[in-house]
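The values are calculated or read from the model by the stated rules, or taken from the named source; none is laboratory data. None of the values given here were measured: they were computed from a predicted structure. Here Cβ is always computed from backbone atoms with ideal geometry, including for glycine, and neighbour counts include all displayed protein chains.
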Amino acid sequence: MWKSRWRSRTARWSVVQASAPRVTAVVISHRRDAATAQKVMLSGARGFVASPAEPHALDATLRAARTRHLDAQEMILRPPSAGGEPPPAGFVITVFGPKGGVGKTTIAANLAISLRRQSQARVVIVDTDAYFGDIALTLGLKPERTLPDLLEQVAAGERPDVMSFLLQHPSGVAVLPARHAGGVHSPPDAEAIAHLIRTLARSFDFVVVDTPGAFGPSVAAALDESTTALLVTSADMASVKDARISMEALREEGFSDDRLKLVVNHATNANSVTDSDIARTVQTEVFCSIPHDREVPISTQRGEPLVLHAPRARMAQEVNELAAMLSGLGTTEPEQAGVFGGLFRRRG
Ligand SMILES: Nc1ncnc2c1ncn2[C@@H]1O[C@H](COP(=O)(O)OP(=O)(O)OP(=O)(O)O)[C@@H](O)[C@H]1O
Ligand SMILES: [Mg+2]
């Protein structure tokens, strides 16, 4: 019931924004909870104010909304400014894990499509794996201009339009792929990655970031920009041990538990450890457990993600559930959705 009411509101705001592109939509509501604010922003509005509002708070929101609106129309990757920019409105979900081959790319691709399909939100997926990135392959797209090309232009002092580097997937998800076919690139500059993610989060509701197998400066930069970080482990002891070390290291760095979620992906069908063993070892509850599905490697090879091409597959259903939890659309009451609304808060 709530879901369908929410969908119609989503449609209404999108129509307002599309039919009057020069208008900046800001919503004033008597509701003050994070979930309502999140839903309003996802519906295409550029700002949210809880009433009654102090004049200075209203003024700050209107100014930030206007800047967001202008940024969304012109997505130029400028050098980082000394400050004064409003915080990006979009949610950044980084999919990472210290081990290779645990299913990060598979989850990132399916999650991005599921977010798009469930909320009609603006979703972009960024492949930051400069060497071996295969988001484009997984989505059946042929990359032309890639992340390394974009960063090269920035390094050369140019101001590239990020929009011209994005591919459009038939699901409506925008894609920034990583590499030329067969090309090898040096690891991307961490600060440039952080700046790119912030730029995208000004124009998209969700920025899904896929990361390389090894933990490096660009992964750390993406995590810093994240509202939610999904730590992916497969169900084998080597991967679980590395997940525990990563979790401890991030906690020591001050990364709060409400931003860090453990995802178990049963990438193989050798169930050597159970989810409860994993939760005990990593000392974190399992946020989502994705079952093994032999259709997954086939879908990867075909470039046809399961959430689109076999939505009834168990793996697809679990990813849909994950997307619903992350977007706050998975609950029946807005108050309950506030639990998930709490996920989307950047550090500091
Ligand atoms: N739940 C699953 N069931 C079956 N196979 C899976 C599952 N998840 C992933 N796979 C398969 O496992 C392989 C590795 O997945 P993927 O490329 O997503 O891992 P990755 O963590 O991104 O790897 P890398 O670190 O190399 O980037 C792929 O062939 C994929 O199809
Ligand atoms: Mg990958």
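Descriptive notes on the structure:
- Given (1) surrounded by fewer than 21 Cβ atoms within 10 Å (Cβ to Cβ); (2) in contact with a Leu (Cβ under 7 Å, 6 or more places away or on another chain), index of the condition residue 301 fails: (2)
- Selected residue [within 16 Å of ligand 1 (Cβ to nearest atom), modelled with pLDDT under 95 and assigned by TED's automatic domain parsing to the domain that holds residue 116] from 270, 316: 270
- Hits in the range 143-163 - residues which are in contact with a strand residue (DSSP E or B) (Cβ under 8 Å, 6 or more places away or on another chain) and away from ligand 2 (no atom under 16 Å from the Cβ): 144, 150, 159, 160, 161, 162
- Filtered residues of the range 225-240 (kept if surrounded by 22 or more Cβ atoms within 10 Å (Cβ to Cβ) and of a type in the set (D, E, K, R)): 225
- Identity of the residue in the range 101-128, modelled with pLDDT of 90 or more and part of a loop (DSSP other than H, G, I, E, B), that ends up farthest from residue 40 (Cα to Cα): 101
- Residue check, residue 176 buried (at least 24 other Cβ atoms within 10 Å of the Cβ) and either acidic (Asp, Glu) or touching a Pro at 6+ places or on another chain (Cβ under 7 Å) (or both): no
- For the range 285-301, the set of residues classified as of a type in the set (Val, Ile, Thr) and free of Cβ contacts under 8 Å to residues at least 40 places away in the same chain consists of 286, 298, listed by residue number.
- Taking (1) of a type outside the set (Lys, Arg); (2) in contact with a helix residue (DSSP H, G or I) (Cβ under 6 Å, 6 or more places away or on another chain); (3) modelled with pLDDT under 70; (4) surrounded by fewer than 17 Cβ atoms within 10 Å (Cβ to Cβ) in turn, residue 33 satisfies each apart from (3).
- Filter pass, residue 207 being farther than 17 Å from residue 130 by Cβ and at pLDDT 95 or above: yes
- Here 264, 282, 296, 307 are screened, and the one residue that is more than 16 Å from ligand 2 (Cβ to nearest atom), crowded, with 18+ Cβ neighbours inside 10 Å and over 19 Å from the mean Cα position of the chain (by Cα) is 282.
- Taken over the range 189-230, the criterion of being among the hydroxyl-bearing types (Ser, Thr, Tyr) and in contact with a Ser or Thr (Cβ under 8 Å, 6 or more places away or on another chain) is satisfied by 211, 218, 226, 228.
- Scanning the range 287-319 for residues that are of a type in the set (D, E, K, R) and part of a helix (DSSP H, G or I) turns up 295, 302, 314, 318.
- Across the range 117-142, the number of residues qualifying as touching a residue at least 60 places away in the same chain (Cβ under 8 Å) and more than 11 Å from ligand 2 (Cβ to nearest atom) comes to 14.
- Flag not set for residue 260, criterion: within 16 Å of ligand 1 (Cβ to nearest atom) and closer than 17 Å to residue 94 by Cα.
- Selection status of residue 327, surrounded by 16 or more Cβ atoms within 10 Å (Cβ to Cβ), at pLDDT below 95 and not aromatic (Phe, Trp, Tyr): yes
- For residue 301: the one exception among (1) more than 22 Å from residue 235 (Cα to Cα); (2) touching a Pro at 6+ places or on another chain (Cβ under 9 Å): (2)
- Counting residues in the range 54-70 that are outside the structural domain of residue 255 (by TED's automatic domain parsing), part of a loop (DSSP other than H, G, I, E, B), more than 16 Å from ligand 1 (Cβ to nearest atom) and modelled with pLDDT of 65 or more gives one or more.
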